[in-house]
Every structure is written in C-alpha cells, then in structure tokens.
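Report on the structure given below.
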Amino acid sequence: MSKERYTEEHEWVRAENDICTVGISVYAQEQLGDVVYVELPEVGRQLQKGKEMAVVESVKAASEVYAPVSGEVVEVNGALTGDPATVNRDAMGEGWFVKIRMSNPAELDQLMDADAYKTYVEGLS
Amino acid sequence: MNTDPITGTFSGNRGLQIEEPLIFEQDRPGRTGVDLPEPPDVQDRLGGLKRQGPIGLPGLSEPQVVRHFTRLSQKNYAIDMGLYPLGSCTMKHNPRLNEKLARLPGLADLHPLQPMSTVQGALELIDALAHWLKTLTGMPAVAMSPAAGAHGELCGVMAIRAALEDRGESRKRILVPESAHGTNPATAAACGYTVDPIPANERGRVDLAVFKEKLGDDVAGIMLTNPNTCGLFENDVLEIAEAIHAVGGYFYADGANFNAIVGRVRPGDLGVDCMHINLHKTFSTPHGGGGPGSGPVVLSEALAPYAPLPYVVHGPDGFRLVERDDDPAATGKAFGRLKGFHGQMGMFIRALAYMMSHGADGLRQASSDAVLNANYLLASLKDDLSPAFEGPCMHEVLFDDDFLKDTGVSTLDFAKAMIDEGFHPMTMYFPLVVHGALLMEPTETESKESLDGFIEVLKGLARRAKAKDTAFFHGAPRLTPRRRLDETTAARKPVLRWRPPESQEQAAE
Amino acid sequence: MRYLPLTDEDRRAMLARIGVPSVDSLFRDVPERARLAAPLDLPNHQGEMEVERQIAAMAAKNLGTGRAPAFLGAGAYRHHVPAAVDHLIQRGELLTSYTPYQPEVSQGTLQYLFEFQTQVALITEMDVANASMYDGATATAEAVMMANRVTRRGRAVLSGGLHPHYRDVTRTHARFLGFEIATPPPDVRGEEDLAGMIDDNTSCVVVQNPSVFGHIRDLSKLAEACHAAGALLVVVVTEVVSLGALTPPGAMGADIVAAEGQSIGNALNFGGPYVGLFATRDKYVRQMPGRLAGETVDADGRRGWVLTLSTREQHIRREKATSNICTNSGLCALAFTIHMSLLGEAGFTRLAALNHANAVRLADRLAALPGVEVINDSFFNEFTVRLPREAAGVVDALAERGILGGVPVSRLYPDEADLAPLLLVAVTETNSDADMDALVGALKEVLQ
C-alpha cells in the first residue's frame, strides 16, 4: 500500500516499502509554466531532507526542488532530459524526478497528505 | 510565382520591412568586403601550428554587408525612434556630440600601455570625470575600472569584504531588499556572502522593523537602491545608514536610479559607503543593444583604501596610473584587479561630454524634469491603471496588474499591445514585490507632447482590456517584423548558432 | 538646454495636473538635511563648441598611434577597421537600442548576436559561444569559475604565459569566492610543463596561446593530461586575428575558450570598451555565463531569434545565478560582427597572413641589431626581444623620438627584475615599411 505525501515546496512523494518516488505537483508545474529543462542528481548521491535535490527550469523561472526525505538516489528519470514537457503533461505520473531509498521513512509522517495539501494550495491563491 | 501566405507579397517583404537572411546564407567562397595587400612571402614561424582546413566564414562584399546590417537595424526599436519607458534603465537621449568626441584622434587611438608621458591628456580626462563623479555624489574617492553596473556592484561588495577582513572580521550576511535588482543578490553570492532578503512595507519601502530585527554583528552590510525599484525614495535612509554602521556593517547603494536625484541629493550625505554609477543610465552613454556599459564606484573614506587597481593619481610630475599595490602612491590595501587595463575610456569621454554639456544647473534641471515627467504619468494614468503605491513617485512610476483583474489580459499581453502602437513596453514583472508589475521611467528627454501621446494610448488600451477584448491582446503584436516568438522551444531545444545544411542533416540522423 | 525638451509652460501645466505647487514638493521624501540648497561647485551648462574645445585640448596632449609608428600589443592591438563598421554601428537603431528583452522589436540585435555567436564558434572551432562578455580578462575569470562549477573542484592552474591582468582578475575572484589558483613563474621561453601541476583538485588549466610572450604551442597533449585527470582545458586568446592563421583551440582539445575580441572592429580606446569572447562545448552550455541568442519561430511560423537559457542569469536566478553579469558588450560585439562579415574567410586569413609576415620581417631586422636578441622561435604577430638595457628606459627614449616602440615587460611584471630588459613588440597590417625603418633606426640610435 503506497503512501502519498506532499511538501510545502510542492513536491509529492509516493512510498512503497523503503523506496519512494518524488516529483512536483500539478500546482507547481502550473506556476512554473512550460518546463524547459530539469537538472537531476546523480544516482548514488546522498540526500538530506529539506536540502536541494534538483532544479526545474521554465522560460521565466528556475526553481529548486528539495528532497522531501533523506536517503540515497537509486534512480532518476532520464526521459525528462529529452522531453522536459513531460513534467507539464503528467506531473504526477510520467513526470517523476527521482527514486530514493529512504534512510528514515518516519520523515514521511511529517508531510501533508493529499487533502491537507489541497487545503494548503487553496490558501495560497 | 506564389505570394507569401503571411505578407501577401511575392518577396515576403512588406514595404519597408525587408526580410534578411543570415550572413552565412549569403556566402560566396573567395568574396570579400576588404581589400588587403598580398602578404610578402616569408617562411612562417608558427611553430608547426599553421591552420589546416577552412574556418567556414562566409564571403560578402561591402555593399551586401552594409545592406545586411542596415536591414537588421530597421527591425529594432530604439530611443532615437520613440519613448522607451524601461524602469530603472534610464533610456534618455544619447547625444551625438559624445560619439564625435569619443572618436577624436588622440583619444580613440591610444593604446592602454603607452608610456604615461604620452597619454597625459587621457589621464587628465579620467581624473576630470572622477572629479565630477565625486562632487556630484559628495564622496571622496572613486574606482573607475568596473566595466558595467553589475561589475561595479562586485567592486563595492569586494571593497566591503576587504575592509572587514582588514579589521579581522569575517561576517557572512548581506541584507538585500526583496525589490532589489537581481544583480544585487547575485553579486553578494559571487563575493561569498549569504543573502538575507528584507521585505517591503505596505508603502513600498524597506520594512524598517524587519530590517532592524535582522541586524547583527554577522551582517557585512546592506545593498540598497535609492530611490528604490518601486520608484520611491527610501524615507528612512538616514536611519538605515546609522543602524548598519552601528553594527559595524557598510552601506552599499545601487546607483541605477541616480537620475532621480543627481544635482539635488548627494549619496555621501545619506551615509553611503559605496555606490556604483551606471554611466550608460544617468550619464547618457549609449545602450548599444545591451552594452558596453561603465560602472565607476564612489567610495567613502572608510572604503577608499581598498579600491581596486589601477587608478589615476595626480602628482607634481603630472598624471600617473597606479598599477601596483606597492607603488608609493598606493594604499597597499587594494583588493585586487577587476578588469584588463584601466576601464571603459570610450564611455568616460562620452559621460564627461554629457556632464560638461549639462553642467551643474542642467543636471539639476534634468533630475527635476525626470521626476516631473514620471509624476505626470502617474497623475494622468492613476484612474485607468492601478498605481502600486501612493505618490509622489521619483523618476519612475510603478503600477501593478490590478486594473487587469478579471479581464483575461496579463501584464505581458498589455505590453505586447503597446508594441503595435509604436512604443517599447515598460519593464514588466519587476520588481517582484508587486503582482504583474509595470515599471515606467520616461526620463527628462521626453517632451510633454510625447508623454501626452503615450498617456492617450495607455488609456485606450486599459479601457479596451477592461472591455474584455482578450483576443485582441492575446494576438498582439501583429504589425512588427515578427510576432510573438516561441521562447519555450528555444529553451528546450537550443539552437545557438548557424550550422551548414549538410551537418544539420547529419545531426538529425 | 538643448537636451531638455520641457518648457516652463509645460512644467506649469504638468504641475497643475499633478496638483503640487513646485517640483520641490515631489522631493518631499528626501530628508531635509540631505537636500542640496546651493548648486554644486561645478561649471554650468556649455554648448557643443565649448565642450569640444576642452576635450580636444585633452586629446591634443596625447601621442596617438595614428600619429606615430606604433608596435604595442600585450593584449590590445592596432588594426585597420573598415570605414563601414563605424558608420553602421552609429545607426540610431543599433546605437540607441537596448537589451533585446522584447524580441518582436529587437530582431536586428538578436540576429546579429546569433551571427556573432556563430562567428566566434567558427574561429575557435568550439560548439557554442555566448553573446560576449566585458573583456578577455573577465571572460577568463568566468571560465575558471565555470570550470569550478562543472568539475565541482576548487583549484585552477594559470600558465606563466597568461597575461598578468587576466591572472590578476582571476586571482581577485579566487580570493572572494574561496578557490585556489596556482601561478607558476613567468614562462618567458615557452617551456613550462603544466601537465605536471595537475592534481585531483584541479578544475582547469588556463593557458594563453599565443602566450603573453608570443610563443605558440600545440596544446593537444596538455588537453589529454587535463581530461585524464578530470580537469578542463581553458584556452585564452588575446589576439583574435591569430585564429586566422593558427590551429584553433577547439581542434586541440579545449573545453572553454576565453578571448579578447578587440582586434576585430574595435579601436584601441585606451583600454576599453572591449569585447570578451566565450565559447565552450555543447555539453557545458547550461553552465556558460552571459547572454545567449537562440533561434526559434514566431506565431506565424517564421524564423526569428530570442534571448534564451536566461534562467541561468541574475535576473531570474538571483543569488543562484551562474554569474552576476547583466550587460554584454553589445555595440562592440556588433562592430566585431560587421568587421568579420566584411573580412570573410578570404579576408580574415589574408589579414592573419599579413600580420605574421610583417612580424617575421621586423623580427629579423631587430635580431640583426647588435645586442638585441629575439627570444621566440614561434610567434604570430608579437614577440619578445631582449635588449642590452632596461626596456622601459628604451621605450621612453623612443617615445621622445615620436615612436611607440612596444610594451616593456616590466610594465606587466614590475616585480621581476630579471625581466626588465625584455620588450614585447607587436606588428600588424597597419605597420608600413616606413614605420619599421623608423623603429629600427631609432632603436639603433638609442642603444648606442
């Protein structure tokens, strides 16, 4: 049973056992506009919760993407290099950024669930 | 022969708008636009590294080259054509006298490393400009070498850091208002500082309370633009200066908006420790499609010893360039060198010619007229557009996109519609502290007639937007050499140079 | 006042609309004690005639290279710029336009920048170039900072043949950004072994070719050594005309090229404004500082250009920008583009050949003078001469005779006493036989 969580920086996390997949939310890609480039970390890199993990560039902005949890990068979505528009088209699915082997799965509990995130986003507009 | 589907003409040209291919697409091998003598026959001494194979540069004759760049020039908007209201850019008229004097023999043909006895007049000129800058700003010293505004910012922040290190302190933070130009935080980071942003208050000025809270003995300084990028004078500037000095920090001023106060206020009287001046803004040197600029930095007594090398000094034997820190005339504390040679001499000549032309009285009149023009725009447009802050403003006026609410027309769309009306849009989406910003700086070289024409057009467009004619705005501009360009594809699949057709095919395979 | 269009009547009408009695009321936010009451101690306005008279008087005190046989190089070169260049860059649409942020009304600027970028990539034989930087020295410092970013290392090796100004600008950045630079001694003979200085923490080796002393070297082996150690090779070119005669840096394995473009299209101007060239490989393009013009299409499907990859720049990334740079060298880059367009392949290669041939002829004549040694085996249009006395004194004596005889090495290396007898002599297509006769004759006299 996978757990889906969100951060205040608009990253989503889906966890299955000790591996989680991370991307940016539909709201985030809307705010950015057309994504033109994604800079992903190398496989094997150690991430710390809350620290910069990737960069997503649109025509008008470049935003940091922060690691929602700590752990090791086990896979990155190479397809984004050739087709960054995937992030706009399918932010929650094909537009995923990295997969992390979590060092502390309990960190997930500090994040918002889907309903809480929905309320959070409504509060922003 | 078929007509072009877009222009309806056979040629694809539209009257005076003439299509012009790249120079690479006009190549004829062997053709040239320069006649050079046959090189004498010598045994080469190129170390066995003589070029093998062609470079790939196209061959054109002089008539073709002249026509090429003339046609390109006709696709550009420029100050010479009309009002260019870019906020904080000070797009004022570029006097032609400046161009003539910068090209004088005896100035344009001087090599930077000639013996100093052969360039006394040039050093005198730099010294004269330095004197004007110091007098206008009320500061005792000036570093002339930075090549542009951002380079001047680097100079100022490096001087601050050098001064602190000299005191044995290594402070880590620099305070920067959120309304600041992007170069400010970029500069602070380039000098190894972390940037701590200060929000604006509801009056568009630095939030003094938050500023004071953020003060500490780890703060190296503040980078303040005054008037700020909202076009407003920071009323609390004296208190800010006092506060930053009280914790042992320094006050860097971004001088981009000096045009509002030149001749009326001296930054030295505001407690400033260093300020860069954009000669290409306040002092009329031409923008040239993006450069070159020149960013001399005036310095307080506290920071003067750290000024970068080289600089001009005046002694009993005439003028000299101090190029080494152990020179008898040097302080021994220069933080280093920022640029090859001495600075943007070509821009110094132009700026000095401008200053001498205006004089003290003309410069004061210029800043007065600049502020008057901006306030005239505010007063005339405040009912149709939405001013971001209550007036008066200084030399530029800031609106937000409130007046476009629920119209479906964005700031960008509004700006694109201005283009068809024969105006360059104002600065958009900057500063970041208001939503959908529109920042207009008319400058003092606009006549009242010019402003009145501009005002009428903006009123018309605002009313059209409020009438929700969104399709009109979304399709703008229609009358320009090119319509809206696809910036997304340009960034996703960058094509940053021309390549010959065969290699394009190869790349596609 | 000729530049101020508002009349007093205008001002009155405008104040009335604004609703204030005077312009002074608009300055109400300025603290009282900061308002200047009296005019500043500077002259009042003057007409064109008076301004011209004063500035021309300053110009008359200088000995310009247009009036004297001149053999000065060391990073700035006197070349003949065709008359069309200066006319074209003074067209108002080019001179008084701004950064092309609104591409629909800036296709002129964007197209010439795209052409400029292509020309720079072609002559350096690199993949991609930016739309110019302030000058060669700052371009070099930016190249080192880029190499640091790309390799995530913090040590740069700067050749002893690198122009000292370029070295010093890089050193300034190193001091404040906290990275290291290794600076071997001046490489007068062109023999240094840089490969031996590369370690695990080296991000790049920076080498100038031809070097500041004029030597030309094949950098392929050095490139290999860099790459084997995971470092980048940065090649600096201060005399861009040399690229018309020499194997380009890209063909020798350079990763970044930082160059001074002043020689093409731009007058000496006592040191500025100049134009920095910056080129690299495709794989590093997103780490490249400066502006970039990119090709695209408009809403009608027609080809056009825009500024692109801007998100690396300060106005968007702010403190995370690749550099703090805002301006490029606009008009100087345009002058370069126009001059290069006039030259074309045939003209550029011939110009380079002429420069080299003139330099060879003068070198031979100087070598024949008693007590004078030409140090270089290889050179393009500039070489190092050893004189029997301190070069600075000789150059001053030549200047008294109305000849600008070269740059004493001591001007660039004031702390190296053993370099004091060395003189850098540059020869271009502008030096006639009469110029060379004058120099040789005067030098003979001065050295007696």
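An oblate overall shape is assigned to chain A, the ratio a/c of its alpha-carbon gyration tensor axes (a ≥ b ≥ c) being 1.5 or greater and a/b not exceeding b/c.
Mean residue ellipticity, 222 nm, helices only, chain B: the sum of -39500 (n - 2.57) across DSSP H runs of n ≥ 4, divided by residue count and rounded to 500, is -10000 deg cm²/dmol.
Please average, across the residues of C:122-128, the number of beta carbons from any other chain that are within 10 Å of each residue's own beta carbon, and give a whole number.
Neighbouring Cβ atoms belonging to other protein chains average 4 per residue here.
Per-residue 3J(HN,Hα) values for the stretch B:382-396, derived from phi via the Karplus relation 6.51 cos²θ - 1.76 cosθ + 1.60 with θ = phi - 60°, read 5, 8, 9, 9, 10, x, 6, 9, 6, x, x, 9, 9, 7, 9 Hz in sequence order (x marks Gly and Pro). Computed over chain C, the convex hull of the alpha-carbon atoms projects to a mean area of 27.9 nm². Take each residue of peptide C:136-144, count the partner chain Cβ atoms within 10 Å of its Cβ, and average: the result is 2. Near B:K134, which aspartates and glutamates are there with a Cα under 16 Å away, not counting those fewer than 8 places off in the same chain? Reachable aspartates and glutamates: B:E124, B:D254, B:D269, B:D273, B:E301, C:D41.
Our summary gives chain C a relative contact order of 20 percent, counting only alpha carbon pairs under 8 angstrom and 6 or more residues apart.
Pairwise alpha-carbon distances in the stretch B:97-354 exceed 36 Å for 12% of all pairs. The mean number of partner chain beta-carbon atoms within 10 angstrom of a residue's beta-carbon across peptide C:243-249 is 4.
Taking chain A as a Gaussian network of alpha-carbon nodes connected by springs under 10 Å, the highest mean-square fluctuation of the residues A:A85, A:A15, A:A114 belongs to A:A114.
Applied to the stretch C:159-176, the Karplus parametrisation 6.51 cos²θ - 1.76 cosθ + 1.60 on θ = phi - 60° returns per-residue 3J(HN,Hα) values of 3, x, x, 7, 3, x, 5, 5, 4, 5, 5, 5, 4, 4, 5, 4, 4, 8 Hz, with x for Gly and Pro.
In terms of distances greater than 25 angstrom between alpha carbons, the cross-link table entries B:K50/C:K444; B:K281/C:K283; B:K75/B:K416; A:K49/A:K118; A:K51/A:K118 yield B:K50/C:K444; B:K281/C:K283. In terms of other Cβ atoms within 10 Å, B:R161, B:R463, C:R281 run from fewest to most in the order B:R463, C:R281, B:R161. Sorting B:256-264, C:186-194 by their mean Cβ neighbour count within 10 Å, with the most densely packed peptide first, gives B:256-264, C:186-194. A Cα-only calculation for the stretch C:344-447 places Rg and Dmax at 13.9, 44 Å.
In order along the stretch C:65-82, the phi-based Karplus estimate (6.51 cos²θ - 1.76 cosθ + 1.60, θ = phi - 60°) of 3J(HN,Hα) comes to 5, x, 10, 9, x, 10, 10, 9, x, 6, x, 9, 10, 8, 10, 8, 9, x Hz; Gly and Pro are listed as x.
Calculate, for A:D18 and A:V121, the FRET efficiency according to 1/(1 + (r/R0)^6) with r their C-beta to C-beta distance and R0 35 Å; round to the nearest 0.05. The formula returns an efficiency of 0.75 here. Helical runs (DSSP H, four residues minimum) scored at -39500 (n - 2.57) apiece and divided by the length of chain C put the mean residue ellipticity at 222 nm at -11500 deg cm²/dmol.
From most to least packed by mean Cβ count within 10 Å, the peptides B:135-142, C:349-356, C:203-210 give C:203-210, C:349-356, B:135-142.
Using mean Cβ contacts within 10 Å as the protection proxy, how do C:335-346, A:92-103 order, highest first?
Listed from highest to lowest mean packing, they are C:335-346, A:92-103.
When the stretch C:344-447 is described by a simple charge dipole with +1 on each Lys and Arg Cβ and -1 on each Asp and Glu Cβ, the residue from C:A353, C:A391, C:V407 located farthest towards its positive end is C:A353.
Counting other C-beta atoms within 10 Å, which of B:T9, B:T183 has the fewest, and how do the rest follow?
In increasing order of surrounding Cβ atoms, one gets B:T9, B:T183.
Classify chain B: rounded, prolate or oblate, from the alpha-carbon gyration tensor (a ≥ b ≥ c, eigenvalue square roots; a/c under 1.5 rounded; otherwise prolate if a/b is larger than b/c)?
oblate
Once backbone amide H atoms are built at 1.01 Å from N, B:N226 has B:D254, B:N257 as its partners under 5 Å, excluding neighbours fewer than 5 places away on the same chain. Only residues of the stretch B:201-223 count here: report those whose backbone N is under 20 Å from the spot 7 Å along Cα→Cβ of B:A246, or say none. Flagged as within label range: B:201, B:206-223. Take every Cα pair under 8 Å whose residues are at least 6 apart in sequence, average their separation, divide by the length of the stretch C:344-447, and the relative contact order is 29 percent.
Test of understanding: ordering B:I79, B:I349 by Cβ neighbours within 10 Å, fewest first, what list do you get?
B:I79, B:I349
Count the net charge of all other residues whose Cβ sits under 11 Å from the Cβ of B:T137, scoring Lys and Arg as +1 and Asp and Glu as -1.
Numbers: positive: B:K134, B:R266; negative: B:D269.
The answer is +1.
Each Lys and Arg contributes +1 and each Asp and Glu -1, all at the Cβ; summed about the Cα centre of the protein assembly as shown, the dipole is approximately 1000 debye.
Treating each Cα of the stretch C:83-339 as one equal point scatterer and applying the Debye formula with no solvent, the log10 of I(q)/I(0) at q = 0.07, 0.15 Å⁻¹ comes out as -0.23, -1.03. Could you tell me the distance between the Cα centroids of the stretch B:13-80 and the stretch C:251-274, to the nearest Å? The stretch B:13-80 and the stretch C:251-274 have Cα centres separated by 18 Å.
Each helix, a run of at least 4 DSSP H residues, gives -39500 (n - 2.57); summed and divided by the residues of chain A, these come to -5000 deg cm²/dmol at 222 nm. What the pair-distance distribution of the stretch B:155-307 shows, using all Cα-Cα distances binned every 5 Å from zero, is 2, 10, 20, 24, 22, 14, 7, 3, 0 percent. So, in Å, what gap is there between the alpha-carbon centers of the stretch B:443-468 and the stretch A:39-107? Centre-to-centre distance over Cα atoms comes out at 46 Å.
Quick check on the protein assembly as shown: take the gyration tensor over C-alpha atoms, sort the square-rooted eigenvalues as a ≥ b ≥ c, and tell me if it's rounded (a/c under 1.5), prolate or oblate. Because its axes are fairly even, with a/c under 1.5, the protein assembly as shown counts as rounded.
Every read-out reported here was derived from the displayed coordinates using simple, explicitly stated rules and does not represent laboratory data. Just so you know, these numbers come straight off a predicted model, no measurement behind them. All Cβ positions, even for glycine, are placed from backbone atoms using ideal geometry, and neighbour counts span all protein chains on display.
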